[in-house]
1. Using just the helices of the chain, give the 222 nm mean residue ellipticity in deg cm²/dmol: DSSP H runs with n ≥ 4 each add -39,500 (n - 2.57), and the total is spread over all residues, rounded to 500.
2. Two decimals is fine: what is log10 I(q)/I(0) at q = 0.07, 0.14 Å⁻¹ for the chain, from a Debye sum with one equal scatterer on every Cα and no solvent?
3. Does segment 194-240 come out rounded, prolate or oblate by the C-alpha gyration tensor, with a ≥ b ≥ c the root eigenvalues, rounded set by a/c under 1.5 and, if not, prolate when a/b is larger than b/c and oblate if not?
4. I'd like the orientation of helix 55-67 relative to the chain: the angle between its Cα long axis and the longest Cα principal axis, in ° from 0 to 90, rounded to 10.
5. Counting pairs of alpha carbon atoms under 8 Å apart in space and at least six apart in sequence, what relative contact order in percent does segment 68-303 give?
6. Take every Cα pair under 8 Å in the chain that's 6+ residues apart, average their separations, divide by the length, and report that relative contact order as a whole percent.
7. I'd like the antiparallel share, as a percent to the nearest 5, of DSSP beta bridges with both residues in the chain.
8. Using the Karplus equation 6.51 cos²θ - 1.76 cosθ + 1.60 (θ = phi - 60°), what ³J(HN,Hα) coupling, rounded to whole Hz, does each residue of segment 360-374 give in order, writing x for Gly and Pro?
Amino acid sequence: MRAGYAQHVVPSYKRSAMAPVLVRGKGARVWDADGKEYLDFGSGIAVNCLGHAHPRLAAVMKKQGEELVHVSNLFFHPKQAELAEALVQRTGPGKIFFCNSGAEANEAMIKAVRKAGAQEGRYEVITTINSFHGRTLGMIAASGQERLREGFGPVLPGFVYVPYNDLAAVERAIGVKTVAVMIEGIQGEGGILPAQADYLLGLQKLAKEKGIYLLMDSVQCGHYRTGRFQSYQRILEDAGVKEAFLPDAVSMAKSLGGGFPIGAVWFGSRLAEVLTPGTHATTYGGGALACAVALEILNIIEEEKLDKNIEERGEELKKGLGRLSGKGWVGEVRGFGGMVGVTVKGRTHGEVAEALSGKGLLVVPAGSDVLRFLAPYSVTKEEVQEALKKVEETL
Ligand SMILES: Cc1ncc(COP(=O)(O)O)c(C=O)c1O
């Protein structure tokens, strides 16, 4: 199996020689080819929001698969309209563009603001240092990490990088060519760094004053991962902010499809009509099967109150990790709900991830020294305690 990868798969991913060969999953657990069980707190990198092999997702895939999988976007089908309405209801007045991944969703946001600013010659987008927006040529240019661009030049121009959570830096960076600012509500790949409430409100105010757009990359932190539909809602609520906050666009992917590829962008009223016929498209975007799956995920999360569950389980996990903070490799604990990060001391995060995997707990490294705990929203109290016990065993 590993030899097959070495022989036939492009070596673009860093897989450790010890990485398990996973063959089966159920809920928060996966099993490898030797029958070893793991608690999966990586969730396919914040994707499997309902865990593995959810019976209702399997059923909807079968049903929709037997009815209609895909038709082109030259036609209508009911599921796309239903999902668009569901996402608009949960985000705010506006419209949805469907695509297939997070990078593509961000590309659509950038294309829309460039088109909106074209007549005035405004195209520049301010993004933040340490941000991650995807691996397309456009999104490696957008991301505030030089290492993503190395060897892939010439880099798409039109992006300016400023420190995260630094409102004054954004203000200084705004010029006549600026059309938008794009941030993650919580920097994920950068190491689980949440935006501050004042920063979000300040960006909203600044965007209004300067006539630019505020874009939220919610690919990783959105779709109830923090216990709220959007991480900015959670951050503002926790800070006791009553003031309304609504960006101009929000990109989504990952948990939106729970493992079935789908991406989307919610465009608020200022941007909803910008991408006119012929200006943007993708063959698979908003396919019937993908939309049926995404709709069922929303139903399950809300019927089973999994948003509340992940909020509470996340608190338990944070508390437990907090108690271990300062012991062994466990440093600072941060984040919310199903997006918790721990800084690693005295070892590399890769070494600790491997040790945890050896104990039967899968987590995901991020940034230079952070481990991400990205549990499925359905994770149980017992599974959180089991994960904490495994962490303790590695200290
Ligand atoms: C915040 C953020 N944006 C965009 C992406 C890219 O998404 P995808 O890999 O689906 O293209 C990611 C992926 O990790 C992400 O975390």
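The values are calculated or read from the model by the stated rules, or taken from the named source; none is laboratory data. Predicted model, so just to flag it, every value in this text is computed and none were measured. Every residue, glycine among them, receives a Cβ derived from its backbone with ideal geometry; neighbour counts consider all protein chains shown. We work out accessible area using only protein heavy atoms, side chains counted, and drop any ligands, DNA or RNA first. Shrake-Rupley method; radii C 1.70, N 1.55, O 1.52, S 1.80 Å.
1. Details: 13 runs with 147 residues, N = 395.
Taken over the chain, the calculation gives -11500 deg cm²/dmol.
2. The Debye formula, applied to the Cα set alone, gives -0.31, -1.31.
3. Numbers: a/c = 3.03, a/b = 1.57, b/c = 1.93.
It comes out oblate by the Cα gyration axes.
4. The helix 55-67 is inclined about 50 degrees to the chain.
5. Working: 438 pairs, mean separation 69.2, N = 236.
Rounded, it is 29 percent for segment 68-303.
6. Numbers: 780 pairs, mean separation 89.3, N = 395.
Normalised by residue count, the contact order of the chain is 23 percent.
7. Details: 32 of 50 bridges.
Just about 65 percent of them are antiparallel.
8. Computed from phi, the couplings for segment 360-374 are x, 10, 9, 9, 10, x, 8, x, 9, 8, 10, 10, 9, 10, 10 Hz.
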